[in-house]
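The values are calculated or read from the model by the stated rules, or taken from the named source; none is laboratory data. Since the model is a prediction, treat every value here as computed from it, not as a measurement. Don't worry about glycine lacking a Cβ; one is built from the backbone with ideal geometry, like all the others, and counts go over all protein chains shown.
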């Protein structure tokens, strides 16, 4: 794991973080639920909690789908390539490429589709202060092969975020620590 | 575009074929399109952002340094060449956040142990 320059993190007074979706996106409940599940991954291992709120402008974490140039200097590029980006704390911007084919709630991923929850778990890591990891099994590894689902935090991810925020008192240290991803490689391992 | 259990297949071959021409490319060679690869590396922090993105198509020391840093960060064999593993990694969809935030220095590859900086000279 690694941290952003200067190890920014949410202050201890901000352990109950509020997130909101860009109203113009008009996201369905199933899409919002994918984000909910992603936030839960991180709250299980830290003292942080995440609650959805309606007011986009006053939320700590602002989630939106955008297309191409959307004004933050990091334009999206259409299907595949760059999927999303998020800012270090306490900025809280979480942007996703609106031109991807997002799989919201399904087990049958194919080439050309991107698992929304997997990307959400990764970007929330950035929002909390984690930068990219070289550990291939970590959710903070920078690439996500299309047709791949990787939603469980690895030990590397957990150690990193717990260095910033400490552990959730209810976290037993083992129940969520495993890596699950369906990658296709030439050896046939899945 | 949101899908629930819908099968959709967009072949990745076209992307792979585009990158395939760089296979085995090494220092001193000149291949059309390498300037784009340098822009890719600059986008993700492997080439200093303060440099103009008006790059040449030559495999120069700038590209070599960027490539080696990339291979280090992704736990690839550091060959300094565009081998298959490196090219296959580069065509994968990815997060838009850069991998290197400080000139010439990566914090990304700790190897899961001591948080030490790995510095790669330009």
Index of the failed condition, residue A:72 passing every other in (1) surrounded by 22 or more Cβ atoms within 10 Å (Cβ to Cβ); (2) within 12 Å of another protein chain (Cβ to nearest Cβ); (3) assigned to a loop (DSSP other than H, G, I, E, B): (1)
Count - residues of the stretch A:110-142 that are in a loop (DSSP other than H, G, I, E, B) and within 11 Å of another protein chain (Cβ to nearest Cβ): 15
Extreme residue, surrounded by the fewest Cβ atoms within 10 Å (Cβ to Cβ), among residues of the stretch B:1-49 that are facing chain A (nearest Cβ under 9 Å) and modelled with pLDDT of 90 or more: B:43
Some residue of the stretch A:143-160 being in a loop (DSSP other than H, G, I, E, B), facing chain B (nearest Cβ under 8 Å), within 16 Å of residue A:84 (Cα to Cα) and in contact with a helix residue (DSSP H, G or I) (Cβ under 9 Å, 6 or more places away or on another chain): yes
Conditions (1) touching a residue at least 40 places away in the same chain (Cβ under 8 Å); (2) assigned to a loop (DSSP other than H, G, I, E, B); (3) at negative phi: number failed by residue A:80: (3)
Selected residue [within 14 Å of chain B (Cβ to nearest Cβ), closer than 25 Å to residue A:156 by Cα, without any contact (Cβ under 8 Å) to a residue 60 or more places away in the chain and part of a loop (DSSP other than H, G, I, E, B)] from A:5, A:99: A:5
Condition broken by residue A:12, with the remaining ones in (1) crowded, with 20+ Cβ neighbours inside 10 Å; (2) more than 15 Å from the chain's Cα centre (by Cα); (3) more than 14 Å from chain B (Cβ to nearest Cβ) satisfied: (1)
Count - residues of the stretch A:31-51 that are in contact with a helix residue (DSSP H, G or I) (Cβ under 7 Å, 6 or more places away or on another chain) and either free of Cβ contacts under 8 Å to residues at least 40 places away in the same chain or closer than 20 Å to residue A:90 by Cα (or both): 11
Among (1) under 18 Å from residue A:120 (Cα atoms); (2) surrounded by fewer than 18 Cβ atoms within 10 Å (Cβ to Cβ); (3) away from every other protein chain (no Cβ under 14 Å) - the single one residue A:48 does not satisfy: (2)
